[in-house]
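Let me begin by presenting the structure, written as structure tokens, before commenting on it.
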């Protein structure tokens, strides 16, 4: 990327907040934070990296703090990925962020690929969603890939979208999307935000990404396909059919108040598009 391109990206993106929910990910959070900061530096974007600790029992907080991340902690009564996401996004809005990236702390996503997601936002997308299921990946079994494809298709029937990986947590979005499509579920945020964006006819784009095996530990969300489905389906149905879900909740888990408006023009209502496409970046084999 040329110096001129970097400057143009930085101007379009404004302040970028990278939100990283984390629970006991001491083995990997340092690499994720460092890679995210490197990407922001390489494209000349002003940014902050927010690590939201969700009841970690190891040195996750200490490692993130040592690397200069902004820290927040989910109260025990509100523990969970959805709450961690809302708190991180709310902190970014409070800081005046115009653009957001969200990714996990477990190292399964290649943080350096966030540049491909940010490029879509710089070029006008409202939400750029990572797509893990475009091929078989080292971090996903064939059966899980097929179930992800099937669930995503079912959840978006009748909506102006196609070929999305709704379960993917690696995504970038504008501040306007953050406000208008804030998930309200208690379990996860991934499907609900995308469904709300599709309902609002925002510009949702798909970007092929890498997905690697976990370095340590196991998923805290997917105990089994049946368990995951029973927790997620109510949130998807609410997002699909409850008009109140499309509004920014006035109180997000007691997050900071006084949110600022986006520094970039709103792109809401630009039309129903979802353009699955390769990011064109390098891929781990």
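One table, with the values for the structure above:
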read-out: Residue match in the stretch 145-152 (condition: free of Cβ contacts under 8 Å to residues at least 40 places away in the same chain and more than 24 Å from residue 199 (Cα to Cα)); value: yes
read-out: Residue identified as free of Cβ contacts under 8 Å to residues at least 60 places away in the same chain, under 21 Å from residue 236 (Cα atoms) and within 14 Å of the chain's Cα centre (by Cα) among 181, 168; value: 168
read-out: Qualifying residue in the stretch 217-229 (condition: within 19 Å of the chain's Cα centre (by Cα), closer than 24 Å to residue 120 by Cβ and modelled with pLDDT of 60 or more); value: no
read-out: Verdict on residue 105 being in contact (Cβ under 8 Å) with a residue 60 or more places away in the chain, assigned to a loop (DSSP other than H, G, I, E, B), more than 24 Å from residue 138 (Cα to Cα) and touching a helix residue (DSSP H, G or I) at 6+ places or on another chain (Cβ under 6 Å); value: no
read-out: Residue check for residue 93: touching a residue at least 24 places away in the same chain (Cβ under 8 Å), within 18 Å of residue 129 (Cα to Cα) and not in a strand (DSSP E or B); value: no
read-out: Conditions (1) at pLDDT 95 or above; (2) at positive phi; number of the one not met by residue 127; value: (2)
read-out: The stretch 67-90: number of residues that are over 23 Å from residue 214 (Cβ atoms) and assigned to a loop (DSSP other than H, G, I, E, B); value: 2
read-out: Yes/no for residue 40 being over 30 Å from residue 124 (Cβ atoms) and either surrounded by 16 or more Cβ atoms within 10 Å (Cβ to Cβ) or touching a strand residue (DSSP E or B) at 6+ places or on another chain (Cβ under 8 Å) (or both); value: no
read-out: For residue 188: the one exception among (1) at pLDDT 80 or above; (2) touching a helix residue (DSSP H, G or I) at 6+ places or on another chain (Cβ under 9 Å); (3) under 16 Å from residue 130 (Cβ atoms); (4) not in a strand (DSSP E or B); value: (1)
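Residue-wise test of (1) at pLDDT 95 or above; (2) assigned to a strand (DSSP E or B); (3) surrounded by fewer than 20 Cβ atoms within 10 Å (Cβ to Cβ); (4) in contact with a strand residue (DSSP E or B) (Cβ under 8 Å, 6 or more places away or on another chain).
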{"position": "44", "(1), (2), (3), (4)": "no, no, yes, no"}
{"position": "51", "(1), (2), (3), (4)": "yes, yes, no, yes"}
{"position": "62", "(1), (2), (3), (4)": "yes, no, yes, no"}
{"position": "65", "(1), (2), (3), (4)": "yes, no, yes, yes"}
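The values are calculated or read from the model by the stated rules, or taken from the named source; none is laboratory data. Small disclaimer: the values here were computed from a predicted structure and weren't measured. Here the Cβ is made from the backbone with ideal geometry for all residues, glycine too, and neighbour counts use every protein chain on show.
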